[in-house]
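These notes are about the structure you will find just below.
Computed from the coordinates by the stated procedures, all read-outs in this text should not be read as laboratory data. Since we're looking at a predicted model, the values are computed, not measured. Every residue, glycine among them, receives a Cβ derived from its backbone with ideal geometry; neighbour counts consider all protein chains shown.
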Amino acid sequence: MKYELTVGLETHIELSTKSKMFCSCSTAFAGAPNTQCCPVCLGLPGSLPVMNRYAVELAVMAGLALNCKVANTSYMDRKNYSYPDLPKAYQISQYDVPLCIGGYLELQSGKKIRITRIHIEEDAGKLVHKEKETLIDYNRCGVPLIEIVTEPDFCTVDEVREYVETLQHLMRYIGVSDCRMQEGSMRCDVNVSVRLKGTDALGTRTEIKNMNSVANMVRAIEYEYTRQCELLEKEQSVTQDTLRYVEETGKTSPMRSKEDARDYRFFREPDLLSVSVSDEEIKAIKDKIPELPKDKIKRYIQTFGLTEADANHLIKYRRISEYFDEVARLSKSPKTGAKFIIGQMFSLFSTEAQKEAFAVRVTPESLATLVNLLADGKINSNLAKTTLEQMLITGKSADELLSAEDMAALSEADLDSLCKRAVESNTGAVADYKGGKEKAIMALVGFVMRESRGKANPESAKEKLKEIIK
Amino acid sequence: MGRIEQIHSLLCKKDISCRELTEEYLNAIQRDNPELFAYVTVTAQEALTAADKIDRQIAQGGDIGMLSGVPMSIKDNISTRGIRTTCCSKMLADYTPVYDASVWSKLKNSGAVLLGKANMDEFAMGSTGENSCFGASSNPYNTALVSGGSSGGSAVSVSANLAVYSLGTDTGGSVRQPASFCGVVGLKPTYGAVSRYGLVAFASSLDQIGPMASTVEDVSLVFDSIAGGDVLDSTCNRDYKPDTYKTLKDDIKGRTVGIIRQFADNNSISPEVKSSMNEAVKTFEDLGAKVIMVDIPEILRSVPVYCVISCAEASSNLARFDGIRYGYRAQGDFMSIHQLICKSRSEGFGKEVKRRIMMGTNVLSSDKCSFYYDKARALRQALSNEFSRAFSQCDVIIAPTAPTPAFVKNRVVADPTVLYMEDMCTVCTNLASLPAVSLPCGYSAQGLPIGMQIIGDKFSESLILNMAYKFQQATDFMRTSDWGVKL
Amino acid sequence: MITREEINNIALLSKLFVAENEMESFRTDMEQMMQFAQCVADADTANINTDDTASSSPMRQDKIGTSLTVQEALANTDASCDGYFVVKKNG
């Protein structure tokens, strides 16, 4: 590879507030057009912005989760440009003193993608392009956004993919945003440049805007990489363009004409004062951040002995991991609890949305009780499995479903006598086993299980039987 | 006695019904407005409906507030729901707001009777009243002369007894200067004292809504009613709830009054204005105040600083007018949305507005911003600091409102900045966010009113109105016009 | 000295159209206005601090309030359809 790829990302994420950044219109998705608007978000003459405290809180939370430094005082600025989806012809954003600076997101490889800054701003409306006209819906206008800007630290599309997926998961996990790329609550602008292998200076970059799927991002980067390399091979130069990716053709194309030439003429927003977050407020927000997924995975593996695969299953959605944490806290065998959750409970759900909601009729306490019964040997794994099935359907507790007899432990003496009887009653199987057929012992185990009505522990029975047969 | 109190008394005593009173004003407007052009929209129906409501309240024996039933006007850049609000621009000639400005909401709830929307310079850009797309307002003292601007219609409506009080707006002197030209009282409040929600923005860090009336008492009453916090305006002070009326009549003996050397020595200020100011100094001394000289050197740069800042903010505030959601949209075929927008704006805006937008765009552009806009902000801070220092030496500062009395209409100027210097006495208080009240302090040889400003430190409206009231009572400069309603 | 090209660039950014017969008038006006503001550009402002840290923006609770009806939102334009604002393409 003669040329190295360099990518930087600017990710826009819609914050999970109920109301907009500067007014109290609803942020709900997919409302009828222009039904969630007011003088402020429509930019009617005379309207003025008033900031949403919770939006700032979520922005701080995002910054802390990404290891940024949060500014006690930051400022809002006007970014002036004209476009039909921007009613005031300026966006209220942050320019030279943003809310957060200097963080990072760590990839699996240990590489840290540096985050230059995170700032708060408002979203624009939506344009629907028809053949002869453009339709405009301002419902989305004014929804709170954070923009997360990385250094040009990405070298491969895999790194880009991992970053986006990790960021998405993290933001959803801590409740900052639902990050649904298909709905537009997470969009990426991708900056791509190439340079000769071994050179320090970065090449001229192009910006591919408003990417709303990871798959398209990857394709767009690969296309752009090839295009730029070809230009350089022909000894032509790359022009600093703003591009969009056209899914149908798989190509990028320039987005802006001369008429759209942009000079943002940033200046302090005179309708707002400073954005102030005290150290106490930052600490209070930090305390609200749940244990992060990467830390949970470590803990599950190291403390509970879970496999990495199982740990990843459990942290996929916050509700599930919190459910598991509770089960782990209350039971003697978190590993067993994990097995129940992943093995049996997950199969209840047919969609990811259902899984994320994790609406189950078994409380963590209830599951912990079942786990403990198994751990204490009061029931065996088969019975535990069937009991859990019943619990999930009926919502009843293990105590309600299991009779006293079920739970009465099979005594050693009883197991002894059962095994002896098995050997006496199954001479054919005994002979086969002695003759070398290892599997023949299972017939004897089966006898013990039937006679004990499933209460015997199959492993213990097998061991005893082997002893007796010897 | 102020007009408002007078009317309140008449209404309560049932000497006149509110409807009768309102009809008198409406008739006077019908008679005099064609010549004076104070109003661009007359809201007769709304006014009479409001008046009838007040009459019912009085009939039922209810108490009505001081401002109830008092006929008034509002400058046409303040949003009035259901009543067209044009900013006297072709761009908004057919625009009808779907919401009320906070100040109008307050006054409406106090029972104000809105007679109509007052003429103004387009988008509040102008100092003569001649930049209105509907036609210039005229000075009641001499209709060949300008009313002043940009709240020309407001000043005229009050001066010509076609409204008891008016709400104007002041960004660089637009309440005070026409008040001065028309011989009435006009207050520019401290920035943040009155909500700007619903005021079509010109320069967001400078704009304030201010009351105009024929007496200090009236201005005081209206100010107390409209001032105070508003959850819809982040720049509006939430703790300030003034009661200037209560202390209007306080003794001012022992107060220190400052005069600005940079105006006293200034050759652009006419001899008649200077002479009135000298008389004013004597009046304050007679009232027991001490008068000293203060230095505010940054005043000499204040108009260029104002020009840069106000044009910059205006270029941004007016960028929203593209004809897509409201406002003028050009007819015909266009190659692109960009062209449609350019044509709409170029046809919808007048020349002064276009000049200022372009100036603003220029001073904010990336290669110029740090030289012009950033520096202007810094100089503004420096001016503010100088005023702060001056207020450590004196309680209030007095200054002329305008360099001359009203002048002839259609004055031809090759250089637009010459007109900007008309604001030389007033822009400094907008830049420093200070309150200032203008009131008559003399008359020219032609009988034209001359105005004086009393400027105070931030949120000292009680003090400056107190000083103004005492001055008003000690002098005889309030004249009753032959126009309009005679009570 | 402000050139015609500069006026055209400024007009482009300002979304204004300067006709040929207006060009000279706007150009000289702008020149005079920029000349007027020259004393600002020449000033030494290095030691003046402008950012106001004393007061911070009031914040509102994250509660949904009343929005305009779609009729109100569209009240001041003729160009609307099915609740959307409409802009025609290419005339």
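Listed values, structure above:
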read-out	value
Relative contact order (percent, whole number), segment B:214-320, Cα cutoff 8 Å, 6+ residue spacing	23 percent
Descending semi-axes in whole angstrom, ellipsoid equivalent of segment A:1-114, from the Cα gyration tensor	31, 18, 16
Lys/Arg +1, Asp/Glu -1 at C-beta; segment A:3-284 dipole; positive extreme among A:L135, A:Y223, A:G184	A:L135
Test item: B:91-101 mean partner chain Cβ contacts at 10 Å	4
Proportion of all alpha-carbon pairs of segment B:398-437 beyond 12 Å (%)	66 percent
Protection proxy ranking, peptides B:247-256, A:121-130, A:56-65, average beta carbon neighbours within 10 Å, highest first	A:56-65, A:121-130, B:247-256
More than 15 Å apart - percent of Cα-Cα pairs taken over segment A:412-469	35 percent
CD proxy at 222 nm, helix term only [per DSSP H run n ≥ 4: -39500 (n - 2.57); per residue of the protein assembly as shown; nearest 500]	-11500 deg cm²/dmol
Convex hull projection area averaged over all views, segment A:3-284, Cα basis, nm²	15.9 nm²
In nm, spacing of pseudo-spin labels at B:A59 and A:L202 (7 Å Cα→C-beta vector)	7.7 nm
Rounded Å value of the spacing that divides the Cα centres of segment A:401-470 and segment A:56-88	69 Å
Averaged over C:24-37, number of beta-carbon atoms from partner chains that fall within 10 Å	6
Modelled FRET efficiency - R0 60 Å, A:T239 with B:Q473, Cβ distances, 0.05 increments	0.25
Cβ-derived FRET efficiency at R0 30 Å, A:E356 paired with A:N382, nearest 0.05	0.45
Computed FRET value (nearest 0.05) for B:D94 with A:N312, which takes r as the C-beta separation and R₀ as 41 Å	0.10
Pairs of lysines in segment B:330-427 (C-alpha under 23 Å apart; 8 or more residues apart or interchain)	5
12 Å beta-carbon shell around B:C394, net charge (K/R +1, D/E -1)	0
Distant alpha-carbon pairs in segment A:24-72 (separation over 16 angstrom), percent	58 percent
Inter-probe distance in nm under a simple model that places probes 7 Å from Cα toward Cβ, at A:T363 and A:A215	4.3 nm
Cα-only radius of gyration and Dmax that characterise chain C, units Å	22.8, 56
Ratio of the Cα radius of gyration of chain A to 2.2 N^0.38 Å, where N counts its residues	1.33
Over segment B:311-373 - Rg/Rh using Cα atoms and the Kirkwood inverse-distance radius	1.04
Computed Kirkwood radius, in angstrom, where 1/r is averaged over Cα pairs of segment A:354-470	15.7 Å
Summed side-chain charge close to A:C38 - residues other than A:C38 whose Cβ falls under 10 Å, Lys, Arg +1, Asp, Glu -1	0
Segment B:451-467 versus segment B:401-441: alpha-carbon centroid distance in Å	18 Å
Value in Å of the Kirkwood radius, where chain B supplies the Cα pairs that are averaged	22.3 Å
Spherically averaged projected area in nm², based on the convex hull that wraps the Cα atoms of segment A:290-407	6.9 nm²
Placed amide H near C:R60: partners under 5 Å, 5+ positions off or other chain	A:M51, A:N52, A:R53
Inverse mean reciprocal Cα-Cα distance (Kirkwood Rh) of segment B:139-292, Å	17.0 Å
Whole-Å distance, taken between Cα centres, linking segment B:289-337 and segment A:281-317	53 Å
Two-site label geometry, B:K249 and B:V413: point separation in nm, points 7 Å out along Cα→Cβ	4.4 nm
Diffusion coefficient, µm² s⁻¹, Stokes-Einstein with Kirkwood Rh over alpha-carbon pairs of the protein assembly as shown at 10 °C and 1.306 mPa s	48 µm²/s
Zero-based 5 Å bins, Cα pair distances in segment B:257-377, whole percents	2, 10, 13, 12, 11, 10, 10, 9, 8, 7, 5, 3, 1, 1, 0
Paramagnetic reach from A:K283 (point 7 Å along Cα→Cβ, amide N under 16 Å) across segment A:61-100	A:70, A:72
